[in-house]
1. In the stretch 132-146, which residues are more than 11 Å from ligand 1 (Cβ to nearest atom) and hydrophobic (A, V, I, L, M, F, W, C)?
2. Of all residues in the stretch 123-173, which are more than 25 Å from ALA101 (Cβ to Cβ) and hydroxyl-bearing (Ser, Thr, Tyr)?
3. Which condition does PRO223 not pass, out of (1) out of contact with any strand residue (DSSP E or B) (no Cβ under 9 Å at 6 or more places or on another chain); (2) away from ligand 2 (no atom under 16 Å from the Cβ), if it passes all the others?
4. Quick one: which of LYS244, LYS199, LYS255 is within 16 Å of ligand 2 (Cβ to nearest atom) and open to solvent by 20 Å² or more (accessible area, probe 1.4 Å)?
5. For the stretch 125-144, which residues satisfy the criterion of being more than 16 Å from ligand 2 (Cβ to nearest atom) and either under 13 Å from ASP24 (Cβ atoms) or in a helix (DSSP H, G or I) (or both)?
6. Just one of (1) within 16 Å of ligand 2 (Cβ to nearest atom); (2) surrounded by 20 or more Cβ atoms within 10 Å (Cβ to Cβ) trips up LEU26, so point out which.
7. Considering only the stretch 76-117, state which residues are under 30 Å from VAL151 (Cβ atoms) and either among the aromatic types (Phe, Trp, Tyr) or loosely packed, with under 15 Cβ neighbours inside 10 Å (or both).
8. Only residues that are open to solvent by less than 10 Å² (accessible area, probe 1.4 Å) and under 17 Å from SER247 (Cβ atoms): list them for the stretch 31-54, please.
Amino acid sequence: MVQSKKKPANTLRIELHSHSTQSDGLHTPSQLAQKMRESGVVGWALTDHDTTSGCAEAQKASQELGLVFIPGIEISAQEGRTIHILGLGVDPNLLTDYGVARRQDRVRRMELMAERAVELGLLEEGVQGGLLKHESPGRPHLARALVDAGVVSSVAEAFEQYLKPGGKLYIESPWPSVSSAISTIKSANGVSVLAHPGKDRVEEGELAKWVEQGLDGVEVMHPSHTESEIARYRRMADLLGILKSASTDYHGTPKGDSRPGLDFPVSMWTPLAERLGVVF
Ligand code: AMP
Ligand code: ZN
Ligand code: FE
Ligand code: FE
């Protein structure tokens, strides 16, 4: 179905959180740019997990299609549980070494998870090669391998049965602290935004602490958020005087029938655009 290009007044169709095949998304950076265009998105950020390796391709494709492109990253941090911090408007070249170091961590973690899957008889010996070839190997890749092997019927079931914290294939991740993730983004000239706080049950005191550590904003609208969570994080952001963001956290779908982008309120976009130095 082709989505209507009509959008509500005082909104801009934007996507500030998306994943390509450089991490766990299903489309290449160029295909993503095309998807954005087809969805009527005028500006977008590629925010692959712990890597900026897709940004150059995405930038080039966006330029050819007349789209505004914002280089980004989604950094995995650890603070009692995994917390994701988006870096928007980063300089990808300043994060190359960071990506290489995180890839090493991710490769090691995947080796251990795959080894366990083989020991448990869930996957065949030799499966590691395919899993490790990804630029930023993650649990969704292992989840898809479990689906392909007929062990589970969906990625969601793979997480529920094996990959969530405490699951048989779960390996504790060696991610940096939230404060360190914020500093990394700052050092790459980016704007730091806490991703999906509702999903990770972030409370006001914790958010205030991260703002003291330099956090610039919070993603108030995310597919995992209920209406009351949206209202709650909007209120917290206003109280703390930080930026507000919104996204669909686009990963693509196997049939290719999903659409990125949402109708971003101009009142929310303007302060972000100013910080990012983006003009339409
Ligand atoms: P990783 O960075 O390897 O820990 O993988 C995290 C990614 O897995 C998240 O960004 C989500 O895209 C995906 N994910 C996490 N939990 C689930 C879940 N329950 N079902 C489906 N995907 C999930
Ligand atoms: Zn993801
Ligand atoms: Fe995330
Ligand atoms: Fe994400």
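The values are calculated or read from the model by the stated rules, or taken from the named source; none is laboratory data. Only a predicted model underlies this, so the values are computations on that prediction, with no experimental measurement involved. Backbone-built Cβ (ideal geometry, glycine too); neighbour counts: all protein chains shown. For the accessible areas, the whole protein counts, side chains as well, though only heavy atoms, and no ligand, DNA or RNA atoms are used. Shrake-Rupley method; radii C 1.70, N 1.55, O 1.52, S 1.80 Å.
1. First, pick out the residues of the stretch 132-146 that are more than 11 Å from ligand 1 (Cβ to nearest atom): 132-133, 135, 145-146.
Within the stretch 132-146, LEU132, ALA145, LEU146 meet the criteria.
2. Residues satisfying the conditions are SER153, SER154, TYR162.
3. (2)
4. Working: LYS244 fails: within 16 Å of ligand 2 (Cβ to nearest atom); LYS255 fails: within 16 Å of ligand 2 (Cβ to nearest atom).
Answer to the selection: LYS199.
5. Just the residues of the stretch 125-144 that are more than 16 Å from ligand 2 (Cβ to nearest atom), to begin with: 125-130, 132-133.
Of everything in the stretch 125-144, those that are more than 16 Å from ligand 2 (Cβ to nearest atom) and either under 13 Å from ASP24 (Cβ atoms) or in a helix (DSSP H, G or I) (or both) turn out to be GLN128, GLY129, GLY130, LEU132.
6. Every listed condition holds for LEU26 apart from (2).
7. GLY80, ARG81, THR82, GLN104, ARG108, LEU112
8. Result: LEU32, ALA33, MET36, SER39, VAL41, GLY43, TRP44, ALA45, LEU46, THR47, ASP48, GLY54.
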